[in-house]
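The values are calculated or read from the model by the stated rules, or taken from the named source; none is laboratory data. Note that this is a predicted model, so its numbers are computed, not measured. Backbone-built Cβ (ideal geometry, glycine too); neighbour counts: all protein chains shown. For the accessible areas, the whole protein counts, side chains as well, though only heavy atoms, and no ligand, DNA or RNA atoms are used. Shrake-Rupley method; radii C 1.70, N 1.55, O 1.52, S 1.80 Å.
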Amino acid sequence: MEVIITEEERIGELVADDIAALVARVPDAVLGLATGSSPLRIYDSVARRVDAGTLSLARARAFTLDEYVGLPAGHPAAYRTVIDADFVSRVDLPADAVQGPDGTAADLAAACAAYEAAIRDAGGVDLQILGIGTDGHIAFNEPGSSLSSRTRVKTLTEQTRRDNARFFDGDLESVPRHCLTQGLGTIMEARHIVLVATGAGKAQAVHHLVEGAVSALWPATILQHHPRVSVLIDEAAASRLQLADYYRYTYAHRHQVGQ
């Protein structure tokens, strides 16, 4: 696990560098897209490069992490609506090349199975973007989630619903209680995982993610078992890390292949 402690403003550019390098090697790369506030600087950085003509996603494909159950298509808080507004509409990624779990399906179990099959048929995710919840969830894998789980229906905790009420004009009762989400086992199959966290509110979750025991109580800790994870955080999110100075040192003196 590589931990990069840097300014919040720089995080977007660093991840955009990774995406640009990936697409240069694999023009039809598969991206894993996350919603929420954490990835927004990444999407801004990628959109600027596409607009400048230095990056194209025209041949790429993408999968989103999760979706609320029961929100109608086009609902402003539906994650497909959000990802279209925050990212897809701003780049040259074809809209039909982006797929998310169907939270409106009559048969949710079948929709989850179909989504798993679609990711598999695409060859898997090359680079997965993640945020992390204050309780350590990634995607909507809440505390207690199976560390080998697949895409499925999950019940949201009250903490997550309170955290997300800001996307529903502060109305907690409007936040759905259920979602479809990629499982931890699904996420772990991505070839490169990039997790972004900023602010003091994420410091405890980041501490458990990087330095804690692997436990279903802090679902993100499963990423310690992944061979290629990049964790990009600002100083506030790094404030509880015991080895923060070491992470700064290793990043400043990271080994470059071929040098």
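What the table below lists for this structure:
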read-out: Checking TYR251 against (1) of a type outside the set (Asp, Glu); (2) part of a helix (DSSP H, G or I); (3) crowded, with 17+ Cβ neighbours inside 10 Å, the condition it does not meet; value: (3)
read-out: Residue list for segment 1-29, filter: without any contact (Cβ under 8 Å) to a residue 24 or more places away in the chain and within 26 Å of GLN224 (Cβ to Cβ); value: ARG10, ASP17, ALA21
read-out: Sole residue being surrounded by fewer than 18 Cβ atoms within 10 Å (Cβ to Cβ) and within 16 Å of the chain's Cα centre (by Cα), chosen from SER56, SER37, SER89; value: SER37
read-out: Test: residue in segment 195-216 that is in a loop (DSSP other than H, G, I, E, B), touching a helix residue (DSSP H, G or I) at 6+ places or on another chain (Cβ under 9 Å) and closer than 28 Å to GLY70 by Cβ; value: yes
read-out: Single match in SER239, SER148, SER230 (criterion: small (Gly, Ala, Ser), open to solvent by 60 Å² or more (accessible area, probe 1.4 Å) and closer than 23 Å to THR64 by Cβ); value: SER148
read-out: Qualifying residue in segment 51-58 (condition: within 15 Å of GLN128 (Cβ to Cβ) and of a type outside the set (D, E, K, R)); value: no
read-out: Complete set of residues in segment 150-165 that are part of a loop (DSSP other than H, G, I, E, B) and out of contact with any helix residue (DSSP H, G or I) (no Cβ under 7 Å at 6 or more places or on another chain); value: LEU156, THR157
read-out: From ALA111, ALA105, ALA77, residue being closer than 22 Å to MET188 by Cα and among the small types (Gly, Ala, Ser); value: ALA111
read-out: Search result, residues across segment 174-213 that are surrounded by fewer than 18 Cβ atoms within 10 Å (Cβ to Cβ) and polar (S, T, N, Q); value: SER174, GLN204
read-out: Any hit, segment 151-161, residues being at pLDDT 95 or above, under 15 Å from the mean Cα position of the chain (by Cα) and either within 26 Å of GLY199 (Cβ to Cβ) or not basic (Lys, Arg) (or both); value: yes
read-out: Some residue of segment 109-131 being surrounded by 18 or more Cβ atoms within 10 Å (Cβ to Cβ) and closer than 17 Å to ARG177 by Cα; value: no
read-out: Number of the exception - CYS179 against (1) closer than 24 Å to GLN128 by Cα; (2) more than 15 Å from the chain's Cα centre (by Cα); (3) part of a loop (DSSP other than H, G, I, E, B); (4) in contact (Cβ under 8 Å) with a residue 24 or more places away in the chain; value: (3)
read-out: Condition check for THR186: closer than 24 Å to ILE5 by Cα and either over 20 Å from the mean Cα position of the chain (by Cα) or not in a loop (DSSP other than H, G, I, E, B) (or both); value: no
read-out: Which numbered condition ASP84 fails, given (1) more than 28 Å from ARG161 (Cβ to Cβ); (2) part of a helix (DSSP H, G or I); (3) of a type in the set (Asp, Glu); value: (1)
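The rows are residues; the columns are (1) at pLDDT below 95; (2) of a type in the set (A, V, I, L, M, F, W, C); (3) more than 30 Å from ALA203 (Cβ to Cβ).
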{"site": "ASP86", "(1), (2), (3)": "no, no, no"}
{"site": "LEU93", "(1), (2), (3)": "no, yes, yes"}
{"site": "THR104", "(1), (2), (3)": "no, no, yes"}
{"site": "ALA110", "(1), (2), (3)": "no, yes, yes"}
{"site": "ALA122", "(1), (2), (3)": "no, yes, yes"}
{"site": "VAL125", "(1), (2), (3)": "no, yes, no"}
{"site": "GLN128", "(1), (2), (3)": "no, no, no"}
{"site": "ILE132", "(1), (2), (3)": "no, yes, no"}
{"site": "ILE138", "(1), (2), (3)": "no, yes, no"}
